[in-house]
Amino acid sequence: MSDLKIVVLWTDALVFLLLAGTLAFGFYIRRKEHLIAPWRRLAQSRAGMAALVVLALFLGIGLVDSLHFRPLVSGGGNGSERSYAVEVLSLLDVLLAPLRERKEKTYSAPLAAHLFAKETIELPDGRQIREYPRLLHGGAHLRDPATERIPDIGMRTARGVAYGGGLWLLADVLVTLTLARRRRTTFSTMHRDVWRGVTGIPWNVILITVGVLLLVAGPVFSLAAEYHVLGTDKVGQDVLYLSLKSIRTALVIGTLTTLVTLPLALLLGIMAGYFGGRTDDVIQYLYTTLNSIPGVLLIAAAVLTTQVYMDTHADMFETVSHRADFRLLFLCIILGMTSWTGLCRLLRGEALKLREMDYIQAAQAFGVRRLRIITRHILPNVMHIVLIAIVMDFSGLVLAEAVLSYVGVGVDPSMISFGTMINGARLEMAREPMVWWSLAAAFVFMFLLVLAANLFADAVRDAFDPRVRVRARTTVDDTEGTVSPALAVEGAMR
Amino acid sequence: MLSYLVRRIAYAIPILIGVNLVTFALFFVVNTPDDMARIQLGAKRVTPDAIAKWKSERGYDKPLLYNAQAEGTRRLTDTIFFEKSVRLFAFDFGRADDGRDIGREIRMRMGPSLAIALPVFLIGLLAYVSFSLLLAFFRATYVDFSGVVLCVALMSISGMFYIIGGQYVVSKVWRLAPISGFGDGIDAVKFLVLPVLVALVASLGERTRWYRTIFLEEMNKDYVRTARAKGLSELRVLFTHVLRNAMIPILTGAVVVIPLLFMGSLVTESFFGIPGLGSYTIDAIGSQDFAVVRAMVFLGSFLYIVGLLLTDISYTLVDPRIRLE
């Protein structure tokens, strides 16, 4: 009896599966001191935490954008046939409904009240003049944009900054209160400690990052109520909306790619290293062959063939979104196919080393089954490599999406992504004056996301890579790096 | 040395066969030539006759693997697999879907691709090594720190923005170089300056950071401590000891891409309108010309395997500790 039909796209399901897995893992390691120690180290990294705040914001937007449904169009009454819209919407679309629905005719500059191109307008007295027409929504509340626009923007910005600042103060107080209660000190001592940076987790860095984000988001929200903050694109869509929608695509490419090929890399890598011999030869041959094909070309070839397959099996997909989603998932798999070889080789090397370790030799001597040795002794000790590989790959994949979409073998043209945004805006470079805002928006959002991902990846590597840690503590020879992480962690804790 | 080389080449052959099989499976088994014909002809003109004609014009009307109607060895050779895949080993790429000879196109377009890729490779190696050496010299100071921050920031920008930004600033605002295009002989230089510059800046962050790590790793070794202990100046240590030893991983790492320089760069070439192999591939992808894509996949894999071979050889040339056994 609901008036919407929930749609679970393939990538949605995988995204939430990944989220559930992460939460379950977090719950699992909560009381395990040896597993949680590197995470503690990670939480003490300043750059890492600042990056995490930004990433969390992007992640939140991406998750809200992953809850899809189709609204009811007609029916639903007394047994009449229900029919749902062809368009699949997400929760984010609902939240951003004003942005999504206020379409203009074509390009308009950020915060403009007029269209970007001149049009012939018919005056009431029948004369025709060439002029920049007013926008349908951007600055439509102003009577005389020429004089009122700038003061109005100023006022709204100030109001937004005030809101943002207020929220920031609230966040500061809440964080300090929570910390003070947990540590049983007074509010003022805690507040001083936080801003001196003597708390283990760098709360001052976190609060500053949150503050900067709030101070930017405040004015953007307050201006977005009446203006197109980042302008509109060729078909008049709000660029801010497009940028926010692109985030999910980038996140899906960045995370699911590694996820879908992880089992393959783990299985084959460990098998090759642990069993050796003929198995090793076959697996090595497999990944050398795949690795020899230049990545972009393999992706292009695979995407071209899927495109043909999808064109000939058009009836497989309920809506355009299902089709675009299938292509996105397929792109993830193909991107993964070209990148799993690196991880597989790393895991093979590590398994090869671990096989000779005393504790594995001992397990073998006791007659422990091989499957059990792999799951109990090898797998936990290569997990840090897997984690580092996942975070390190993320930023590269986000960048790769843009290039592939430009080349024409990326996401479906109907799917909003940074690549399609750049591709659409690129042709307008030659216009005079230039249409720069789509490119600028894609640039800023991508730069923030990738920079945060890069900084976070560095922090993760520093916290998890035993080689980095061993080298930092003492100047032991590199072979020392092969100690199992569990041991190194205990060493670091003392 | 010779026996090692022969063994390595023998090892490369099964890999090349594997690549060939993968591409064959992708292009002929996942999608039949019928599907390709339908896409190429467009929805309106699809009739069984048109498909048959399209296939026979391009030689796709034969059986996939085994021709039961032919005689003798032609049972195996008069098939799509032999005509389209096995012939690649002889670098016989056949014709593109528009009827042009792919081999000829490749030979013609290698030059322009190389004209961009080679300067980028050589100048880049020099520039990145100098920059990372500078950072390594000032390690753990603000110079090093801000250099690394700059590298991370540069790494976080998509390559396309470097191109777009470069075209906008250098060509449109300053009007120093043409936005895109290509010329012959000395005329080509003015077209090449901007793409080379952009490509250099685009990979500055990543490469410098990578080389810096290599330098720092080298600086933690015992021989460096010994060199300092006997009183050598830090500059001397850096240039005569660290640089020489760090060049081994840097050079051997660079060798693998040398053959791939021929392939050019997809994005750079298409943005700057350079008639190289990269833009050829992009055009082929855009027009869904499967024959060209197949040829480029094979060529790319071949060049990569040659690069791996060269890497192995270069190891022995620069590092006497490694013997080829």
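Odds and ends about this structure:
- Shown for chain A: lysine pairs separated by 8 or more places, or found on different chains, whose C-alpha atoms are under 25 Å apart, numbering 9.
- Nearest-ten-degree value, helix A:187-196 long axis tilted from longest Cα axis of chain A: 80
- For segment A:332-422, the relative contact order works out to 19 percent when only alpha carbon pairs closer than 8 Å and six or more residues apart are counted.
- B:ALA153 versus A:ALA117: modelled label distance in nm, points set 7 Å from Cα along the beta carbon direction: 3.7
- The peptide list A:4-11, A:434-441, put in order of mean Cβ contacts within 10 Å with the highest first, becomes A:434-441, A:4-11.
- Other protein chain C-beta atoms within 10 Å of residue C-beta, averaged over A:399-409: 4.
- Among the GluC sites (Glu not before Pro) in segment A:266-357, those placed in a DSSP loop whose Cβ has at most 11 other Cβ atoms within 10 Å are A:GLU356.
- On Cα atoms only, tilt of A:203-224 relative to the major axis of chain A in degrees: 20
- The number of Lys pairs in chain B with C-alpha atoms less than 20 Å apart, excluding pairs fewer than 8 positions apart on the same chain, is 8.
- Averaged over its residues, segment B:209-319 has an accessible area of 40 Å² per residue, based on protein heavy atoms and a 1.4 Å probe.
- Principal-axis tilt of helix A:145-183 within chain A, Cα atoms, nearest 10 degrees: 30
- In terms of its C-alpha gyration tensor, segment A:188-308 has an oblate overall shape, because the principal axis ratio a/c (a ≥ b ≥ c, square roots of the eigenvalues) is not below 1.5 and a/b does not outweigh b/c.
- In a DSSP loop and with at most 13 other Cβ atoms within 10 Å, the trypsin sites (Lys or Arg not before Pro) in segment B:226-325 are B:LYS230, B:ARG321, B:ARG323.
- Segment B:1-130: relative contact order in percent, alpha carbon pairs under 8 Å with at least 6 residues between: 13
- Entry note, chain A: relative contact order of 20 percent, from Cα contacts under 8 Å with a spacing of 6+ residues.
- For chain B, the membrane-span-like helix rule (DSSP H, alpha carbon extent of at least 30 Å along the helix axis, mean Kyte-Doolittle at least 1.0) picks out B:2-24, B:102-137, B:290-318; this says nothing about an actual membrane.
- With 10 Å² as the minimum drop in accessible area between chain alone and full protein complex (1.4 Å probe), the qualifying residues in segment A:300-328 are A:ALA300, A:ALA301, A:ALA302, A:LEU304, A:THR305, A:GLN307, A:VAL308, A:TYR309, A:ASP311, A:THR312.
The values are calculated or read from the model by the stated rules, or taken from the named source; none is laboratory data. Note that the coordinates shown come from a computational prediction; the quantities given were computed from them, not determined experimentally. Cβ sites come from the backbone with ideal geometry, for glycine too, and all protein chains shown count toward neighbours. For accessibility, only protein heavy atoms count, side chains too; no ligands or nucleic acids. Shrake-Rupley method; radii C 1.70, N 1.55, O 1.52, S 1.80 Å.
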